[in-house]
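Here's the structure, in structure tokens; my notes come after.
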Amino acid sequence: MKTTFLLMVLVVVMAWSLSSAQPTDPQRCLNAFKTTSSGCLESLKGFVHGHFHGIKKECCLTVSTVSDLCWPVLFPNMPYIRFVIKGICTIKYSLH
């Protein structure tokens with residue numbers, strides 16, 4: 001009886017935490033990049049097409065503050081892109 005209760009509590013807690021992990025508002029994710037003066041969104045679009053040198057420090061600062069939940073919204077077919085861009089920013093500008 002006690003084990004069943006603990007399992008039920010565990011399932012409820014997991015279901016509650018997964019529902020709060022839904023992606024944020026897509027427009028807010030997009031605006032985070034649009035508000036930077038260095039053309040961050042254009043730099044990221046260029047990165048997708050193979051232009052790796054256009055990411056400026058201000059853009060990297062934005063990249064480091066944007067929620068990980070925004071990346072699948074902005075680049076739905078590229079789940080790895082946040083790790084690559086964050087890695088480049090870390091190497092290029094020593095951002096952690």
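The values are calculated or read from the model by the stated rules, or taken from the named source; none is laboratory data. Computed from a prediction, not measured in an experiment: that's the story for all the values here. Neighbour counts are summed over all protein chains in view; Cβ atoms, including those assigned to glycine, are modelled from backbone coordinates with ideal geometry.
Numbers for the structure displayed
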item	result
Subset tally (residues that are among the charged types (D, E, K, R), under 9 Å from the mean Cα position of the chain (by Cα) and crowded, with 16+ Cβ neighbours inside 10 Å) for segment 44-96	1
Pair list, Cβ < 6 Å and 6+ apart or interchain, from segment 40-61 residues that are under 16 Å from PHE75 (Cα atoms) to residues that are of a type in the set (Gly, Ala, Ser)	SER43/GLY54; GLY46/GLY54
Any hit, segment 2-22, residues being modelled with pLDDT under 85 and surrounded by 13 or more Cβ atoms within 10 Å (Cβ to Cβ)	no
Positions within segment 41-87 being closer than 21 Å to PRO26 by Cβ and assigned to a loop (DSSP other than H, G, I, E, B), in sequence order	VAL66, SER67, ASP68, LEU69, CYS70, PHE75, PRO76, ASN77, MET78, PRO79, TYR80
Failed criterion for SER38 (all others in (1) in a loop (DSSP other than H, G, I, E, B); (2) at pLDDT 80 or above hold)	(2)
